[in-house]
1. Can you compute 3J(HN,Hα) from phi for each residue in the range 386-399, using the Karplus curve 6.51 cos²θ - 1.76 cosθ + 1.60 with θ = phi - 60°, rounded to whole Hz and x for Gly and Pro?
2. If you plug each phi of the range 410-424 into the Karplus form 6.51 cos²θ - 1.76 cosθ + 1.60 with θ = phi - 60°, what whole-Hz ³J(HN,Hα) values come out, in order, with x for Gly and Pro?
3. Set the Förster distance to 22 Å, then compute FRET efficiency between residue 154 and residue 324 from the Cβ-Cβ distance, nearest 0.05.
4. Could you order peptides 299-310, 198-209, 376-387 by the average number of other Cβ atoms within 10 Å of their residues, highest first?
5. Rank these by accessible area, largest first, 1.4 Å probe: 103, 391.
6. Order 128, 149, most accessible first, counting only protein heavy atoms with a 1.4 angstrom probe.
7. Using only DSSP helix segments of four residues or longer, with each worth -39500 (n - 2.57), what per-residue ellipticity at 222 nm results for the chain after dividing by its residue count and rounding to 500?
8. Please sort by residue number the GluC sites (Glu not before Pro) in the range 208-295 whose DSSP state is loop and whose Cβ has at most 14 other Cβ atoms within 10 Å.
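The values are calculated or read from the model by the stated rules, or taken from the named source; none is laboratory data. These figures come from a predicted structure and were not determined experimentally. Methodologically, a virtual Cβ is constructed for each residue, glycine included, from the backbone with ideal geometry; neighbour enumeration extends over all protein chains shown. With ligands, DNA and RNA removed, areas are computed over all heavy atoms of the protein, side chains included. Shrake-Rupley method; radii C 1.70, N 1.55, O 1.52, S 1.80 Å.
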Amino acid sequence: MASDMIALNRSLPDVRLEGCKTKVYPDTLPNTSIVIVFHNEAWSTLLRTVHSVINRSPRHLLLEILLVDDASERDFLMKKLEKYVRNLDVPVRILRMEQRSGLIRARLRGAAATKGEVITFLDAHCECTSGWLEPLMARIKEDRRIVVCPIIDVISDDTFEYMAGSDMTYGGFNWKLNFRWYPVPQREMDRRKGDRTLPVRQIWQCGGSLEIVTCSHVGHVFRKATPYSFPGGTGHVINKNNRRLAEVWMDEFKDFFYIISPGVVKVDYGDVSQRKALRERLQCKPFSWYLENIYPDSQIPRRYFSLGEIRNVETNQCLDNMGRKENEKIGIFNCHGMGGNQVFSYTADKEIRTDDLCLDVSRLNGPIVMLKCHHMRGNQLFEYDAQRLTLRHVNSNQCLDEPSEEDKMVPTLRDCRGSRSQEWLLRNMTLSA
Ligand code: UDP
Ligand code: MN
């Protein structure tokens, strides 16, 4: 409703860094075909995307717009849409998938039909801002192997207010391979010598690179939940995609991922031989190379002693982060063997870690909370004694212990006394990380 009340060609604030507004780009830049895929998208968000492209792209750079309909069921997306786009002053073509195919197949269908020198993909609920296209095309002109991405601003899904995205965060992935925003690492700041108008690197295994061009801003409506269903169930589709991803690209690290997400191993993932052949043909580098050289700030530990549940010998319960967030107490619960909240890694740095959070104790006798891992040892340093089975918090010289009578769901830290309640079994434990 909020979107429907706002003009399709509304103006937007200029949220660029000052240094971006005065940049000069080459006169001749590659032109582009814009591919927008959609499934049951609302009229106003879809058309506002189209209008923002037309209004804010230099006409000579914008060759055409391709709308790929991934088997939508809404009536206004049929004849009414076809009629509407005929009156726009940029060529707009509509392609229809015969059946629901998912965004990547839909994008590939669109890509195959493009005539431009560069293919630009947009979601169907975006708004392009002034000067969004030139820096993207200029970067590709400099090096055609670079895949570029703008800063993604936030269009509120409640009010449609436009809010600048940050150039200090970039996209990464967590233990479950979910997309997350993380701070741009200091080494990337250093590499750009403090000039925030220069692109932020993210790079791939096959020789190309992926950059966020910080002078380009495109807004996107981030939804809290996916508004449509997926054939076979959302979980199944995501598990299958992740399984294929892990099988083709992650080498030995796929085992790490499967311990975190046991559900992924159960899906039938079809045939990946063509994908593996592609990887072979392009002579892509191993995933370990990617983690080491390109994504060292990844939350996936390169070296670790153990991975999986941490079980108390006396109570037979397991450490459990209970789905809690940063700065909350770590919990303990019946072991369920389903990975998820009960997966911890005792890493080579001797931290007890789940994704980006580490067990952290700053006072005698606890509490034991989950804080962002800082790799500085300190309050996050635990010594595992593989004979005594104790996890000793080094700074306090106390041992991880079962819960107290008052709170049966949170483990405690007590003076080490050799009791069974202070013995812990670490799943998949080895003595060398
Ligand atoms: N989409 C599609 N087919 C699908 C799922 C999504 O064509 O089966 C389109 C969707 O309309 C959108 C784009 O793909 O334009 C990305 O999907 P979405 O916006 O839901 O992803 P998010 O931005 O929430 O990650
Ligand atoms: Mn989207």
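1. Computed from phi, the couplings for the range 386-399 are 5, 7, 7, 6, 9, 10, 9, 7, 5, 4, 8, 6, 10, 10 Hz.
2. 10, x, 10, 10, 9, 4, 5, 9, x, 7, 5, 5, 9, 9, 9
3. Details: r = 25 Å, r/R0 = 1.16.
Efficiency for this residue pair is about 0.30.
4. The densest-packed peptide leads the list: 299-310, 198-209, 376-387.
5. Details: 103 90, 391 0 Å².
Per-residue accessible area, sorted high to low, gives 103, 391.
6. My answer, sorted largest first, is 149, 128.
7. So the calculated ellipticity at 222 nm is -6000 deg cm²/dmol.
8. Hits after loop and neighbour filter: 252.
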